[in-house]
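Below is one structure, written out as structure tokens, with a few remarks after it.
A short reminder: the numbers here are calculations on the coordinates, not readings from a lab. Because the structure is a prediction, the values reported are computed rather than measured. Neighbour counts are summed over all protein chains in view; Cβ atoms, including those assigned to glycine, are modelled from backbone coordinates with ideal geometry.
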């Protein structure tokens, strides 16, 4: 008995002296926006750590760099929009969706097209011949806004589309560099409140319910080799969503949103927190984007959306 007890004590001493299993290192490349608040709080509240993930959050200068960063391995997870995933897939970069972020429809006053005060723009038809800002060519907002103009009976090819990041859009309107911009919270509400522009409609209104607006993605190779990490990443986002939706956490949620979107705390405090999160991405959420991307000539193929989802 004494020998057994001594052996147990010795084993415990050896185990306690061994280094803990290293957390899985992930660089998450994101675009500033409310879509990723669950990730922000998962980082700040230690949720990622609890799930064995050592996550760094890095801002992408624009959405177009995300696919290249994933391909090069400088980021393991990124947040492309569905049209970007489709284009990357067709170009031979095998990206897969590992989790969802937000889905449509957005609640009222969460997104819209804002026109400059002296522009005279009243609706999508009036965008013809105007400079219109989108957060990334070939991304969800770009595709949606072109579709919105087309649905109004106007030719979106005759719109002068320009690429602007959300944080730049208010200043671009104010300086006359853009006649209109497509925006989403937290930036939409801030610019609208600043009175430099007015709402002329919501391009997201023409997109079917359940369509994903942005996703978390990785290369298929990384996803295959890190299935356990993906499971823990999704679980972290699920916990992040619960945290975000708890009214008792509102102050810390806003602090995280201000920190990662680079909004002043006072501005972040006035912006509604998104509610339409869906961590578990579904193939149906890609169907609209496949049709729209084909119609706009962004892709030629007709991929099965189920093949774009990681297990």
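So what's the angle, to the nearest 10 degrees on a 0 to 90 scale, between helix 227-245 and the longest Cα principal axis of the chain?
60
Counting other beta carbons within 10 Å of each Cβ, put 89, 157 in order, fewest first. Mind dumping the intermediate values first?
Working: 89 19, 157 11.
With the fewest neighbours first, 89, 157 line up as 157, 89.
Can you tell me the orientation of helix 250-261 relative to the chain, as the angle in degrees between its alpha-carbon axis and the longest Cα principal axis, to the nearest 10?
Roughly 70 degrees, rounded to the nearest 10.
For a quick check, take a GNM of the chain with Cα springs below 10 Å and name the residue from 247, 265, 83 with the largest mean-square fluctuation.
247
With the cut-off at 38 Å, report for the chain the share of all Cα pairs above it, as a whole percent.
It works out to 18 percent of all Cα pairs.
So what is the calculated 222 nm ellipticity per residue for the chain, using -39500 (n - 2.57) for each DSSP H run with n of 4 or more, over all residues, to the nearest 500 deg cm²/dmol? Don't skip to the answer; put the middle values down first.
Numbers: 13 runs with 123 residues, N = 311.
Estimated from H runs of four or more residues: -11500 deg cm²/dmol.
Please order 256, 205 by the number of other Cβ within 10 Å, starting at the fewest. Before the final figure, lay out the partial values.
Numbers: 256 25, 205 14.
Ranking 256, 205 by Cβ neighbours within 10 Å, fewest first, gives 205, 256.
Two-decimal Rg/Rh of the range 111-206 from alpha-carbon positions, Kirkwood Rh? If you can, show how the numbers build up before the last one.
Working: Rg = 11.5 Å, Rh = 12.6 Å.
Reported Rg/Rh, Kirkwood definition of Rh: 0.91.
May I ask you to sort 161, 148 by Cβ crowding, counting other Cβ atoms within 10 Å and putting the fewest first?
Numbers: 161 17, 148 23.
Sorted ascending by nearby Cβ count, the order is 161, 148.
Using a simple spin-label model with points 7 Å from Cα along the Cα→Cβ vector, what separation in nm is obtained for residue 59 and residue 177?
Label at residue 59, label at residue 177, 1.5 nm between them.
Calculate, axis by axis, the spread of Cα positions in the range 85-145 along the three principal axes, and write the results as whole Å, longest axis first.
Between the extreme Cα coordinates on each principal axis of the range 85-145 lie 45, 28, 15 Å.
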